Amino acid sequence: MDAQQTSVGSDRIELLRRWILGVLVLGLIGTITELVLLEHYEKPLQLVPVGLIAVSIVVLVWHAMKGDAASRRTLVVLMTLFVLAGFAGFVAHFVGSAEFQLELDPEMDKWELLEKVMRAKAPPLLAPGMMLQLGLLGFAYVYSASRAARSEIT
């Protein structure tokens with residue numbers, strides 16, 4: 001592979017990285033705005049996604065300014081926490097909705113309960129999936145940097 005092909009490949013990866021970063025930042029800002037408007041901070045557990053998003057914005061600014069290994073490692077840790085928070089949020093939303101449905105009808109069988117929880121609008125069962133998506137997008141951004149660095153070396 002000659003230098004021109006390597007340069008074109010690196011340029012494409014860098015363009016893709018910028019798009020991923022842009023989508024990630026839009027997702028973070030949109031999600032934190034929605035969480036604040038929905039007052040998703042009444043209980044301590046509800047502060048987890050708000051706190052993670054706030055910290056990740058600060059770390060992304062740090063990474064944009066420095067781009068060093070420490071900021072990349074911090075982003076990996078944060079994105080791992082995003083993925084875990086997505087799964088934990090799903091469980092928390094499921095349990096909260098199930099408790100509410102059982103208060104309304106304690107005689108409900110398991111299948112009926114599952115159906116009601118899946119269709120409930122509050123708390124929205126799949127909403128924590130946004131944290132999972134943001135975490136995966138963050139991983140794509142971080143690991144595309146190592147891909148770009150490898151392509152410049154070869």
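Every number in this text was worked out from the coordinates using simple rules, so none of it is lab data. Computed from a predicted model, the values in this text were never measured in an experiment. Every residue, glycine as well, gets a Cβ built from its backbone with ideal geometry; the counts of neighbours run over all protein chains shown.
Results, tabulated for the structure shown:
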{"read-out": "Nearest 10 degrees, 0 to 90: helix 3-37 Cα axis against the chain principal axis", "value": "30 degrees"}
{"read-out": "In degrees, nearest ten, helix 69-104 long axis to first principal axis of the chain (Cα)", "value": "20 degrees"}
{"read-out": "Whichever lysines have a C-alpha closer than 29 Å to that of LYS121, once near sequence neighbours (fewer than 8 apart) are set aside", "value": "LYS43, LYS110"}
{"read-out": "From the C-alpha gyration tensor of the chain, square roots of 5λ in Å", "value": "40, 16, 12"}
{"read-out": "Loop GluC sites (Glu not before Pro), segment 62-153 (other Cβ atoms within 10 Å of the site Cβ: 14 or fewer; DSSP)", "value": "GLU107"}
{"read-out": "Efficiency of FRET from Cβ geometry, ALA70 and THR33, R₀ 35 Å, rounded to 0.05", "value": "0.75"}
{"read-out": "Two-site FRET efficiency, LEU26 against LYS121, from Cβ-Cβ distance with R₀ of 22 Å, rounded to 0.05", "value": "0.35"}
{"read-out": "Acute angle (nearest 10 degrees) that the helix 47-66 long axis makes with the longest principal axis of the chain, alpha-carbon atoms", "value": "10 degrees"}
